[in-house]
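The values are calculated or read from the model by the stated rules, or taken from the named source; none is laboratory data. Predicted, not measured: the structure shown is a model, and the values here were computed from it. No Cβ is skipped: glycine too gets one built from the backbone with ideal geometry, and neighbour counts run over all protein chains shown. Note: accessible area is taken over every heavy atom of the protein model, side chains too, but ligands, DNA and RNA are not part of it. Shrake-Rupley method; radii C 1.70, N 1.55, O 1.52, S 1.80 Å.
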Amino acid sequence: MNEITLQIAEAPNAPKQDFLATLCPISSSTSSNLNSNSSSFDEEDLPFEITIDSYSRESWSINNSNSCPWKSTWFKSTDGKNRLPGFLKFLMGRKKSAYGKFESPHPDEVTGDFTTALFLVPFDQPLYDGDKDEAGDFIYVKYILDDKHLAKAKAASAARQSQAQAHAQTQTQIQAKIQAQQSSSSSSARRPRQKIQQKTAPSSSSQPSSSSSGRGGLGGGLLGNLLGAQQRTNQHLDAVPQRKKEKESSLDNNDSNNDGPLTSGQVINKFRDKIEKDLMEFNTSSQTEIKISISIADLTRTMEMHEKSKVTMDVLKYVVYEQAEEINEEWVAAKEPGEFMDETTIAVYKEGYAPADVLEDLNKGELPDEVKQQQRAMREAMEREEKKKMKMIEEVNKKKLSQRHAEVSALNMGKRDRRSIEKIQKDMGVGAGAGGEKKRRL
């Protein structure tokens, strides 16, 4: 069977690639013993080397996706370096599937051109039914020989999502109309009740003595009791909604008028409630994106100094990401570039409406810790080699310089003065002065 070398890179067309594993497709009998997830695999479909350089959380990248004519099979690692478990754990922890593209070995039947194929490693790997000691050596992969099918699946998914949003919007409008009709019917039912109160009020007030004194009578006493009980019931029914509104307004006023210092937990809880409310409204609306502004100065205005340090930008961003994922896991939340450290804006997109550059930044390869450690060790080794080379060059230069100084000093020390005594005296100015004095004496 043909072996496949699996490489990993940080981004598409990255200059540097790291070795991940050497894979060998397992036999059909072993695959049937594992499970029935292998389908229509052909050894001639895959090249000898594949580079994984992209990641995705979209619906087509999960294991049970049937949106494209996928082919799948099991591979076994034969290199003995045991890097597959760490890589699969990395994908599972981030809920991302890894994929790479290669040229299909089979030309198109119509045009005769070679298409672009896609090799996918799902993060939700099927359960391994074999020996648990060898589970780390097996990996389940999927591939498609023409990525045009994937583009069609994405378009169909976007169309289904738009239809679902239109349906949800229609249901929201219908519910709003039903609530309006119920509120109008309840208000119309209260009007005759108020008229009855106005009619019964004079009669009950004009006959207080008869209703109180004539309890045993069959006339005004019994009728007054009935009318009084009905009036009290109507008053209570009319007062309940009003009391509820007053209570809610008083609570809101208390929250708004609470000028005391807040703790970090209270501020974060209020921020989480606000974000949840905004995202719930965004979920029921027809909007495709929402931008959430975060300002630490505004949130911590009423806090004490020792509490402000606990409300950081990382915590607030995590709250937004967490709420967006809880409401809909298919949404895409991305931080927009900003100029300030204490202010930022996070854009949340519904499924299928995120821009291409945002998806590219999110799906940019994040190397596992094992690969990062390997790169760090390689960099440190290269730095040590570079320092060693520089040290050797400095030592060689010092030796050359010391030898040059030694030669110069030796020449100066062993040099012989070949001038005559007259020449030396003349150079020193002694001979000229002595000869002049002799001439003058003569």
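Overview of results
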{"item": "Close pairs (7 angstrom Cβ cut-off, 6 or more residues apart or separate chains): touching a residue at least 12 places away in the same chain (Cβ under 8 Å) in region 311-329, open to solvent by 40 Å² or more (accessible area, probe 1.4 Å) and part of a helix (DSSP H, G or I) anywhere", "result": "Val311/Leu299; Val319/Arg272; Gln323/Arg272; Gln323/Glu276; Ile327/Met280; Ile327/Asn283; Asn328/Asn283"}
{"item": "Strands (runs of 3 or more DSSP E) enclosed by region 39-147 - at least 3 residues per element that are modelled with pLDDT of 85 or more and either over 23 Å from Ala11 (Cβ atoms) or among the polar types (S, T, N, Q) (or both)", "result": "71-77"}
{"item": "Checking Thr300 against (1) at pLDDT below 90; (2) open to solvent by 50 Å² or more (accessible area, probe 1.4 Å), the condition it does not meet", "result": "(2)"}
{"item": "Output for region 120-174, where each listed residue is closer than 28 Å to Lys81 by Cα and surrounded by fewer than 11 Cβ atoms within 10 Å (Cβ to Cβ)", "result": "Leu127, Asp129, Asp131, Lys132, Asp133"}
{"item": "Among the residues listed as Lys195, Lys177, the single one being farther than 30 Å from Pro126 by Cα, at pLDDT below 55 and exposed (fewer than 14 other Cβ atoms within 10 Å of the Cβ)", "result": "Lys195"}
{"item": "Residue within region 77-93 that is surrounded by 21 or more Cβ atoms within 10 Å (Cβ to Cβ), aromatic (Phe, Trp, Tyr) and within 17 Å of Phe48 (Cα to Cα) present", "result": "no"}
{"item": "In region 94-115, the residues that are open to solvent by 60 Å² or more (accessible area, probe 1.4 Å), in contact (Cβ under 8 Å) with a residue 12 or more places away in the chain and closer than 17 Å to Leu46 by Cα", "result": "Lys101, Glu103, His106"}
{"item": "Enumeration of residues in region 317-351 that are open to solvent by 70 Å² or more (accessible area, probe 1.4 Å), assigned to a loop (DSSP other than H, G, I, E, B) and under 17 Å from Ile296 (Cα atoms)", "result": "Pro337, Glu339, Phe340, Met341"}
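Rundown of residues vs (1) open to solvent by less than 100 Å² (accessible area, probe 1.4 Å); (2) more than 30 Å from Leu120 (Cα to Cα); (3) modelled with pLDDT under 75; (4) touching a Ser or Thr at 6+ places or on another chain (Cβ under 9 Å), yes/no style:
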| site | (1), (2), (3), (4) |
| --- | --- |
| Tyr353 | yes, no, no, yes |
| Gln374 | yes, no, no, no |
| Ala377 | yes, no, no, no |
| Lys398 | no, yes, no, no |
